[in-house]
Each structure stands twice: as C-alpha cells, then as structure tokens.
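Worksheet: one structure, shown below.
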Amino acid sequence: MMTDAIILAAGNSKRFGKDNKLFTEFNSTLLITHVVSEICKSKLRNIIVISGKDHVKINKLLKKFRVQVVKNLNFNKGINSSISLGIKKLPKNSLSTMICLADMPLLKSEDYNSMVQFEEKFRNKSKIIVPHNKTIRGNPVIFGKDYFKILANLEGDNGGKKILEKNEDVIYYDTSSEGFYFDVDTQKDLVKLKNN
C-alpha cells in the first residue's frame, strides 16, 4: 500500500461550542482517539495528524498510535493551511493521500480499506476518489500524487472543494454507508450520534 493519510484535527470547533468537539466522549474513549484508532487499524501507510491550538493535548492522547502529530502554526487561516502542511510532510515516495476528518466517528477501518482498494484500480492514473451516494459527496477523499503540488499551495477555508468541482479526474466511489456522510459539527450532531 502506497497510500498515506492526513488527518485534519486543527479546527476551532466554533459551531460546537466552547469545548473542542474532538475531546467529546464516544464509545468509552474520546472522539479523536476513536477516529484515529480506526484509521490506524486500516492498511493506510504513513498517517499524519495535523493539530492546532490543542496540539499538546492531541499529541499526548495519540502517543500510543502509529501517527506523526504535526502542529499547524497557521491553523487560524483555515482548513487549507492544514491540508497544505500535511502534503508537505508526506514521504517523497507517496503515490496518493487520503485526506481524513478527525470528526467522522462512524467510519470503520474496513471503510478506509475499501476506499483504498477501490483506488488501486486506478493506480497508474492520478485520480481523485470521492465517496458518493447518488445525491451528495462525502469524505474522506483520496488525491493522487499529481495533485500534491496544487494541494500544497491551497489557501483559505474551502478544503479541496474547488479542485473537485473543476476537475474531470474525479471518480466516485459509490457507497451508501452512513459513516462517509456524517461528521460532528454541532451539539445536535452529537445527540444524533449518541442516539444511534
């Protein structure tokens, strides 16, 4: 497997409230440790976690996992600064990277593996793989190495959406699995998560 992962965990959780949503309890652990644990159990190769203002706590929580935690000093500039930093930290022989969100607790290691296996069908072509359920796009997204330079120079706070909207190389990974379309942004999302 030559697909690496970048986990975005530098957000301010403004819509969630005063506390960082990543430290919310879920399944007898914290949201971030649950998500990172599932990613680490997958076949993804190198795993880079991009942290922000809570770097010290996140770094301590993730010591036992096979991840590299990198602090984004420019986290206030938006999600693109974290994507850019993550790309710059990838090993030189990386063929593709899966950009993951640290607030998607319903995804299992098998989900990440199934996306990577799907992507391998296009290994000789640099493509963008996006989960899709016929109506909406989900996360995570896999970018082939030809897009690393573009991602490394992203600015602002819209993630890779513009790249997806203007690119013919997008290939949809059709899946109805709820985990690809659910993330925790607000307290209501947390209630929905715990009720499920």
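The values are calculated or read from the model by the stated rules, or taken from the named source; none is laboratory data. Everything numeric here is computed off the predicted structure, so don't read it as measured data. Glycine gets a Cβ as well: all are built from the backbone with ideal geometry, and neighbour counts include every protein chain shown. Accessible surface is based on the protein model in full, side chains and every heavy atom, while ligands, DNA and RNA are left aside. Shrake-Rupley method; radii C 1.70, N 1.55, O 1.52, S 1.80 Å.
Residue by residue, what Karplus-based ³J(HN,Hα) values in Hz, rounded to whole numbers, does region 130-141 have, using 6.51, -1.76 and 1.60 with θ = phi - 60° and x for Gly and Pro?
10, x, 8, 10, 6, 10, 9, 8, x, 9, x, 10
Distance in nm between label sites at F65 and I171, each 7 Å beyond Cα in the beta-carbon direction?
Label at F65, label at I171, 2.7 nm between them.
Of the beta bridges DSSP finds with both residues in the chain, what % are antiparallel, to the nearest 5?
Close to 30 percent.
Need one number: nm distance between label points at I136 and Q187, each 7 Å from Cα along Cα→Cβ, rounded to one decimal.
Placing both labels 7 Å beyond Cα along the Cβ direction yields 2.2 nm.
Taking H placed 1.01 Å from N in the peptide plane, check which residues at least 5 places from I7 or on another chain put their amide H under 5 Å from its amide H.
Counting only residues 5 or more places away or on other chains, the set is I48, V49, I50, C100.
Cα gyration tensor of region 1-152, axes a ≥ b ≥ c as square roots of the eigenvalues: rounded (a/c below 1.5), prolate (a/b > b/c) or oblate?
prolate
Report, to the nearest whole %, how much of the accessible area of the chain belongs to carbon and sulfur atoms, 1.4 Å probe, protein only.
Using a 1.4 Å probe with all protein chains present, the chain comes out at 47 percent carbon and sulfur.
With θ set to phi - 60°, apply the Karplus curve 6.51 cos²θ - 1.76 cosθ + 1.60 along region 111-116 and write out the HN-Hα couplings as whole Hz, x wherever there is a Gly or Pro.
The phi angles translate into 5, 4, 5, 5, 5, 5 Hz.
For K108 and M2, calculate 0.36 nm times their separation in residues minus their Cα-Cα distance, and state this gained length in nm to one decimal.
Extra length available between K108 and M2 comes to 36.2 nm.
Once the whole set of protein chains is in place, how much accessible area is left on D19, using a 1.4 Å probe, in Å² to the nearest 10?
Looks like 90 Å² after rounding.
Suppose all protein chains stay in the model; what accessible area per residue would a 1.4 Å probe give for the chain, in Å²?
Dividing the accessible area of the chain by its residue count gives 52 Å².
For the chain, with a Gaussian network of springs between Cα atoms less than 10 Å apart, report the residue from K63, K125, K18 with the top mean-square fluctuation.
In this elastic network of the chain, the residue with the biggest mean-square fluctuation among K63, K125, K18 is K18.
Looking at the chain, which longest stretch skips every one of the GluC sites (Glu not before Pro) that is in a DSSP loop with at most 14 other Cβ atoms within 10 Å, leaving the sites themselves out?
1-154
Tell me the mean residue ellipticity at 222 nm calculated for the chain from its helices only (DSSP H runs of n ≥ 4, each -39500 (n - 2.57), averaged over every residue, nearest 500).
-8000 deg cm²/dmol
Relative contact order (percent) for region 61-196, with alpha-carbon contacts under 8 angstrom and 6 or more residues of separation?
It rounds to 33 percent for region 61-196.
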